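A short worksheet on the structure shown next.
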Amino acid sequence: MQQNNRQEAFYHRLSFPERENISRYLAAGLSIRGIARELQRDHGAIGREVNRGGGCEKYRAILAQYRARRKRKRQGRKKKMEANLKLRSYVFKKLSLFWSPEQVANNLKIDYPEDTTMRISPETIYSYVYIQPKGELKKLLTKYLRRHHYKRHKKNHGNRRLVINIPNMVSIEKRPKEVKNRTIAGHWEGDLIIGKLRASGMGTIVERTSRKLILVPLKQKDHLTVATNFSKELNKIPKKLCKTLTYDRGSEMSSHEKITAKTKIKIFFAHSGSPWERGTNENTNSLIRQFFPKGTDFTKISPQRIKRVEMLLNQRPRKTLNWETPEKVFEKLVVH
């Protein structure tokens with residue numbers, strides 16, 4: 001009969017009087033198994049309870065009871081993303097556009113300035129994506145999140161692009177001082193993202209003030225093809241916003257004078273091995289890698305897909321722009 005009573009007791013939560021007894025028994029030096037026998041409880045359950053409370057010396061009944069009540073309250077409460085379908089739909093929609101949780105959370109304040117129910121923290125979005133969904137939904141949502149590198153990788157100096165003495169190049173040191181403080185628009189930074197086996201590439205051009213991005217599809221990455229395709233894209237920009245382009249010293253820019261002749265843009269070259277001199281472009285390239293990871297064969301990527309990614313990034317709100325999008329900021333610059 002006593003054994004049956006003990007088994008029934010295993011299936012209900014510890015009460016506050018039981019926790020007080022645990023505290024007293026511990027103070028008296030009783031072992032975990034001894035306490036379990038006195039309370040007719042499983043010794044494993046008592047051991048877990050004591051460990052959650054900080055161990056034999058730190059266990060306090062009132063703190064343990066508070067912790068247990070708080071846990072039950074949280075377990076019984078619906079998650080915000082589950083309770084608010086409108087909010088969940090909004091978050092899913094923006095994640096599908098490859099927005100980060102931080103961008104989603106801050107844009108809610110812009111789209112719903114008066115509706116406080118449409119609020120969520122980036123941490124809550126991350127928690128929901130990684131914990132709540134199962135199966136295909138989980139795979140879909142995690143695919144939209146940007147990849148993060150938690151370990152610092154050694155730089156592979158053997159894979160550097162060929163840096164040559166580009167004819168008639170003008171150093172960044174001679175670039176107008178107005179470029180540095182971003183107060184005047186129309187100054188761009190450029191680079192080439194290299195594809196699989198260094199056999200293909202894609203051009204990237206970013207405006208420093210608005211973060212407006214132009215992706216340049218390339219069938220080949222030789223300097224003549226780069227000059228032709230870069231010129232084509234730069235000529236689509238209003239002339240007042242096409243003042244300078246800062247580039248690194250890659251061999252693909254050997255025909256930079258042809259670009260200047262066709263577009264009137266002045267090209268300046270950063271120092272070798274100094275990517276921070278094109279910081280806006282470097283940061284943007286890391287965003288682009290979410291869509292085109294290292295090892296991408298750009299010969300197999302259609303221009304339509306490249307321009308689709310360009311649109312997604314230009315319509316994504318940016319913290320540095322007070323959560324406006326590069327596209328909207330650039331449009332304002334065109335008008336003024």
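The values are calculated or read from the model by the stated rules, or taken from the named source; none is laboratory data. Note that the structure is a prediction, hence the values are computed from the model and not measured. Ideal geometry is used to build each Cβ from the backbone, glycine not excepted, and the neighbour counts take in all protein chains shown.
Points to keep in mind about this one:
- Filtering segment 204-228 to residues that are more than 28 Å from residue 336 (Cα to Cα) and surrounded by fewer than 23 Cβ atoms within 10 Å (Cβ to Cβ) leaves 217, 219, 220, 222, 223, 224, 225, 227, 228.
- Output for segment 217-242, where each listed residue is under 14 Å from residue 299 (Cα atoms) and in contact (Cβ under 8 Å) with a residue 24 or more places away in the chain: 217, 218, 219, 221, 222
- Restricting segment 177-192 to residues that are surrounded by fewer than 19 Cβ atoms within 10 Å (Cβ to Cβ) and closer than 21 Å to residue 336 by Cα, the residue that is farthest from the chain's Cα centre (by Cα): 178
Here is a yes/no grid of residues against (1) part of a helix (DSSP H, G or I); (2) within 23 Å of residue 166 (Cβ to Cβ); (3) among the basic types (Lys, Arg):
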| position | (1), (2), (3) |
| --- | --- |
| 205 | no, yes, no |
| 211 | no, no, yes |
| 214 | no, yes, no |
| 221 | no, yes, yes |
| 224 | yes, yes, no |
| 230 | yes, yes, no |
| 233 | yes, yes, no |
| 236 | no, no, yes |
| 240 | yes, no, yes |
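- Checking every residue in segment 275-283 against the condition of being free of Cβ contacts under 8 Å to residues at least 60 places away in the same chain, of a type in the set (D, E, K, R) and part of a helix (DSSP H, G or I) gives zero matches.
- Within segment 324-336, residues that are more than 17 Å from residue 106 (Cβ to Cβ) have Cβ atoms under 7 Å from residues that are hydroxyl-bearing (Ser, Thr, Tyr) in these pairs: 330/210; 333/209; 333/210, counting only partners at least 6 apart in sequence or on another chain.
- Qualifying helices (runs of 4 or more DSSP H) (wholly inside segment 78-128; at least 2 residues being among the β-branched types (Val, Ile, Thr) and modelled with pLDDT of 90 or more): 101-111
- Residue 66 falls short of the stated requirement of being of a type outside the set (S, T, N, Q) and within 30 Å of residue 315 (Cα to Cα).
- Test: residue in segment 244-260 that is surrounded by fewer than 19 Cβ atoms within 10 Å (Cβ to Cβ) and of a type in the set (A, V, I, L, M, F, W, C): no
- Looking only at segment 284-296, residues that are surrounded by 16 or more Cβ atoms within 10 Å (Cβ to Cβ) and in a helix (DSSP H, G or I) come to 4 in all.
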